[in-house]
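Notes follow the structure.
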Amino acid sequence: MADAGREVRNVIVIGSGPAGLTAALYTARANLKPLVIEGLEAGGQLMLTTLVENFPGFRQGIMGPELMGEMRAQAEHFGAEIIRGSVTSVDLLSRPYTVTTTDAEYHCRTLIIATGASARLLGLPSERALIGHGVSTCATCDGYFFRGKPIAVVGGGDSAMEEAMFLTRFASHVTVVHRRDTLRASKIMQDKAFANPKISFEWNADVEEITDTAKGEVTAIVLRNNVTGVRKEIPVDGVFVAIGHTPNTALFRGHLDTDPNGYIITHAGTRTSAPGVFACGDVQDHIYRQAITAAGSGCMAAIDAEKYLEGLPQHLGEATLTA
């Protein structure tokens, strides 16, 4: 494995979604010459979306991959170095910090973690094929596209009920599909959902298929009752999968403080439990999970990193070498 000449970077950013690329932009403009390691899912969750209408500055909306391409190009324009690769380990026990990828080792004074969170999916081939074409994991992002249309929400927790109730603002009807006969959501959330006349429930139901991949759009959801075995097809124009998110924090277990669900805990902005290590975006935000809030926290992480570096004795204009 290559060692990058023991070059010590001022900033390494792990992740290339809205949070990571915004952090890269701000640290690049501060002349900190950040290195961005893209990760397996370059560009983050927006690479799986089609039209993004709620990112400020684009009155007609912008395609998710196009938005991420522009953010990447802007960060590079100001001097960020972006490399393909996946981080396999980090060493936060000694300074400078070491970040290891499949190809090389890199060293840094500050580390910005922007690895995001992955929406849990049902695992159906049709689901993956129709992501961004009627299948979504974000009601706030995509609910607007389903005005006057019937949709389904899969899940039984608080998040699923929140999404279902939010979607009743747009959809003609919302069918909640749950694999058990009782919800996991809190009682107050259950009561609100049960009282909403636009929401109905399919109990003990497993999703077998989402149609129609041949048309490239959602036309129905095929369910199987896991008690009776009876199959049912419900016509819908959209399917929202709300069975939770998993923060991409496996690399940092044992290194950083996380909450019971694995999200990195931050203090006073984006500071983590390790000095000089900052976290931004969905890896530490399980509430908002929006591109614009991720970008905002990426800006915060960059400013926090810059202030931290100002307190270190060495010259920060260029990356330096250690013996």
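Of the residues that sit in segment 186-199 and are assigned to a helix (DSSP H, G or I) and buried (at least 19 other Cβ atoms within 10 Å of the Cβ), which one is farthest from the chain's Cα centre (by Cα)? Taking the candidates together, the pick is Ala193. Taking the criterion of being surrounded by fewer than 16 Cβ atoms within 10 Å (Cβ to Cβ) and of a type in the set (Lys, Arg), the residues of segment 172-185 that qualify are Arg180, Arg184. Considering Gly244, Gly216, Gly254, the condition of being surrounded by 13 or more Cβ atoms within 10 Å (Cβ to Cβ) and either at positive phi or at pLDDT 95 or above (or both) is satisfied by Gly244 alone. In segment 53-76 there is at least one residue that is within 17 Å of Ala305 (Cβ to Cβ), in a helix (DSSP H, G or I), of a type in the set (A, V, I, L, M, F, W, C) and touching a residue at least 40 places away in the same chain (Cβ under 8 Å).
Scanning segment 37-52 for residues that are part of a helix (DSSP H, G or I) and of a type outside the set (A, V, I, L, M), we see that the one that is nearest to Ser16 (Cα to Cα) is Gly44.
The set of residues in segment 81-90 being closer than 18 Å to Ala19 by Cα and touching a residue at least 60 places away in the same chain (Cβ under 8 Å) consists of Ile82, Val87. A count restricted to segment 92-127 and to residues that are among the acidic types (Asp, Glu) and within 24 Å of the chain's Cα centre (by Cα) stands at 1. Restricting Asp237, Asp282 to residues that are touching a Pro at 6+ places or on another chain (Cβ under 9 Å), closer than 24 Å to Leu167 by Cβ, assigned by TED's automatic domain parsing to the domain that holds Ser89 and buried (at least 16 other Cβ atoms within 10 Å of the Cβ) narrows the list to Asp282.
The values are calculated or read from the model by the stated rules, or taken from the named source; none is laboratory data. Given the structure is predicted, the values throughout are model-derived calculations rather than measurements. Positions of Cβ are generated from backbone atoms using ideal geometry, with glycine treated the same way; all protein chains shown enter the neighbour counts.
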